[in-house]
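Coordinate-derived values only; no laboratory data. Everything quoted here is computed from the prediction, not taken from an experiment. Virtual Cβ from ideal backbone geometry, glycine too; neighbours counted across all protein chains shown.
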Amino acid sequence: MDTNKAPLLSVRDLRVSFALDEGLVRAVDGTSFDVLPGQVLGVVGESGCGKSVTMRAILQLVERPGRITSGVIRFRRSSSNGADGEVVDIAQLPPRGPVMRDIRGGEIALIPQEPMAAFSPVHTVGDQIVEAILLHSHRWQEEKLSRRDARDITVGLFRDVGISMPEQRIDAYSWQLSGGLRQRAMIAMALSCKPRLLIADEPTTAIDVTTQAQVLALLRDLQARYNTAIIFITHDLGVIAQMASYVVVMYLGRVMEEGPVDDIFHAPKHPYTQALLRSIPSLYGKTRVALPVISGALPHPFNRPAGCPFHPRCPQAMARCSTAVPKLMPVGAHQLASCFLHHDEAEAA
Amino acid sequence: MSKTQPLLDVRGLQKFFPIAEGFLQRVVGHVRAVDGVDFTVDEGETLGLVGESGCGKTTASRCILRAIDPTGGQILYRTRAGNTVDLAALAPAELRPLRAEIQMVFQDPFGSLNPRMTLLDNVGEPLLVNGMKNRRERADRVAELLRLVGLRPEFMHRFPHAFSGGQRQRIGIARALATNPRLVVADEPVSALDVSVQAQVLNLLLELQSRLRLTFLFVAHDLSVVRHISDRIAVMYVGQLVELAPTDALFRQPQHPYTAALMRAVPVADPRVRTADGILAGEVPSPAAPPSGCYFHPRCRHAQARCRVEAPALRKVSPGHVSRCHFAGTMTF
């Protein structure tokens, strides 16, 4: 089998729900997608679409009262020599078990949205990265790493992510760094154990456009250098267009459409994707005119519509959309969409 | 020069924050957050104010609201009664009657509404402060305001937590409009919202502006949003205005390298258009210790020897288009 084509991560029919006093919230409701080795997968969706919960599920970090209720998260681990190892189902692993602890941070790393909240303010950023390296030290060498070695590795990582004066900056606290530097330090931490998969959850939302451009260029450069697969989560369609090679569009916990980035932007099949693309102001369009909007509002999580989750806001909704849930099926050469406009397959009731 | 007098005429606006140090908290220097900013806003127009964080755009807008007191300069405002007053020089008591005319829409729709008050009280508070004591009368006005921003009047007895981000921003807009303002200062009003909701709120602002003849000072960092809503755009860098121009002219040919760099940094929502190279390196210098000469020269790819020593003045490049660059008009950035 061609290992380059075999997915690194394969999510199938994942469901995560939160049992709250007011009722059951189905945050992720049958999501499926693949990540190939070295691919940059963009996940777009508005708040409440389940994109962050999906990523937390991949890291087994869903907190109570949330629970992975069903589905498969197949992840191809690396063996000690860096080649492909066994395939595990993350959904079945105990969150605090040794295997999950080894994968989390070691093989799958996370760049969180708020680096200010992710770093501890009472330890230097260097110490926090050294700790991560020592925890996963077998990824660097067979024998145990000394603190000294780990510190040298950290300095090298800081240099890699473009932090000037790494020897000094390593002893800084996170609150002494600017937003851009803090996000770079966070990226250094995520890379510290040479992960095969990097999950970047809105990594540039909290920073300026110019700093965002720097961070995006850095991620692109690192991706090319280490061939790390990246899942890039954002609500910014501009960032997706510039970063991703393959795009997954989510709405209310389900995948509405997925496909290569060019097809998603130039030949979107799902009415939701089409509406989303129309509603963004561009740098070239006509100014001071009403933007086309998606009518209505996101439904309340306790109040999920029956049938296709988008049908109450869909301009092309048909009678069937309110009763049956469309399956994610191939439409065209490379795209998949879950919409009855393009196929008749419904999810089993 | 325009024939009519502008609604707002800001001249040489300055705001310095003292830096105190040591046991006695002696003042050792000043952060020149806003350092001599001039612009005008005509009635019914939208002026966009853009720049990276730390450039002074929020401080400037807060000075105009007199939420903070400016250190220097004039803020000439033409009142509804027709006379022109300097907001920077007014005593708090003299300012109070004018507060109803100048209102603000905040960035965070979660933090800017009182969670313990119903919409009736949240939106109605400015009315109460301005002397509308009758609760029935206030309820009628709140119902009218909620309808105006596209919410149902029945909502007025609910609390803010029952509403989504977009709805809360509508509530914040309704509150700003309660006193029939003429000038609305909106500080990043859509940056906390989702794409589809952002479009709805932008449309609402445009519609309200034409219906109520509002004047907007729109502070934001997202250039595509600012471009969409503004008639003219002012670009700030380290407390100074570096460029001001009508929206179309600014985007067609920016006359300051900073503006051009900001535009290049915006990721284009089209995978076939690759964002141009020439990413702006480094960060905004501290306004407490700005660089010599042109403040932008350490990050500017066109910088020459002259830029390091000589601070450029803001000068006119074409009618209505000013730039603070030695090479404006002679070079394409």
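Given R0 = 25 Å, the distance between the Cβ atoms of B:Gln304 and A:Asp171 translates into a calculated FRET efficiency of 0.10. Provide, for q = 0.06, 0.09, 0.10 Å⁻¹, the log10 of I(q)/I(0) from a solvent-free Debye sum over equal Cα point scatterers in the protein assembly as shown. Those come out to -0.38, -0.88, -1.07, one per q. For the segment B:260-267, counting C-beta atoms of other chains within 10 Å of every residue's C-beta and taking the mean gives 5. With only the Cα atoms considered, segment B:240-333 has a convex hull volume of 109 Å³ per residue.
What percent does the relative contact order of segment A:114-194 come to when contacts are Cα pairs within less than 8 Å and at least six residues apart?
Over segment A:114-194, the number comes to 44 percent.
Extent of chain A along its three principal axes (Cα atoms, max minus min coordinate, largest first): 67, 49, 47 Å.
Taken over the C-alpha atoms, segment B:1-99 has Rg and Dmax values of 15.4, 55 angstrom. Shown here: chain B, whose C-alpha atoms stretch 68, 56, 51 Å along the first, second and third principal axes, sorted largest to smallest.
For chain A, the relative contact order works out to 19 percent when only alpha carbon pairs closer than 8 Å and six or more residues apart are counted. In this structure, the amide hydrogen of A:Val255, modeled 1.01 Å from its nitrogen in the peptide plane, lies closer than 5 angstrom to those of A:Ser32, counting only residues at least 5 positions away or on a different chain.
For the pairs A:Lys286/B:Lys316; A:Lys194/A:Lys269; B:Lys15/B:Lys133; A:Lys51/B:Lys57; A:Lys51/A:Lys269, flag any whose C-alpha to C-alpha distance is greater than 28 Å.
Table pairs above 28 Å Cα-Cα are A:Lys194/A:Lys269; B:Lys15/B:Lys133; A:Lys51/B:Lys57.
Annotation for A:Arg101 and A:Glu63: the two label points, set 7 Å from Cα along the Cα-Cβ direction, are 2.0 nm apart. Averaged over peptide A:284-292, the number of partner chain Cβ atoms lying within 10 Å of each residue's Cβ comes to 6. Shielding value for A:40-47 is 2, the average number of Cβ atoms from other chains within 10 Å of each residue's Cβ. Computed extension length for A:Asn303-A:Ser245: 17.5 nm, one decimal, from 0.36 nm per residue of separation with the Cα-Cα distance subtracted. Each distinct pair of alpha carbons in segment B:130-252 adds a 1/r term; the inverse of their mean, the Kirkwood radius, is 16.0 Å.
Taking label positions 7 Å along the Cα-Cβ direction at both A:Glu86 and A:Ser178, the computed distance is 4.8 nm, reported to one decimal.
Taking 0.890 mPa s as the viscosity and 25 °C as the temperature, the Stokes-Einstein diffusion coefficient of segment A:114-194 based on its alpha-carbon Kirkwood radius rounds to 198 µm²/s.
Extension gain, B:Ala313 to B:Thr79, is 81.1 nm, computed as 0.36 nm per intervening residue step minus the present C-alpha separation.
Computed from the C-beta positions of B:Thr330 and B:Asp86 and an R0 of 35 Å, the FRET efficiency is 0.40 to the nearest 0.05. Under the simplified labelling scheme, the A:Ala346-B:Glu94 pair shows an inter-label distance of 7.3 nm, with each label point 7 Å from Cα along Cα→Cβ. Taking 0.36 nm per residue of sequence separation and removing the Cα-Cα distance, the B:Arg152/B:His30 pair yields an extension gain of 39.1 nm. Helical content alone sets the calculated 222 nm signal of chain B at -8500 deg cm²/dmol, taking -39,500 (n - 2.57) per DSSP H segment of four or more residues and averaging over every residue.
Per-residue packing, averaged as other Cβ atoms within 10 Å, sorts the ranges A:227-240, A:167-180 into the order A:227-240, A:167-180, beginning with the highest. Note on the protein assembly as shown: with charges restricted to the Cβ of Lys and Arg (+1) and Asp and Glu (-1), its dipole about the Cα centre is near 1040 debye. Rounded to 0.05, the FRET efficiency of the A:Ser120 and A:Ala224 pair, given R0 = 35 Å and the Cβ-Cβ distance, is 0.65.
Of interest is the spacing of the C-alpha centroids, which for segment A:83-120 and segment A:282-349 amounts to 33 Å.
Only helical runs count toward this figure. For chain A, summing -39,500 (n - 2.57) over DSSP H runs of n ≥ 4 and dividing by all residues gives -8000 deg cm²/dmol at 222 nm.
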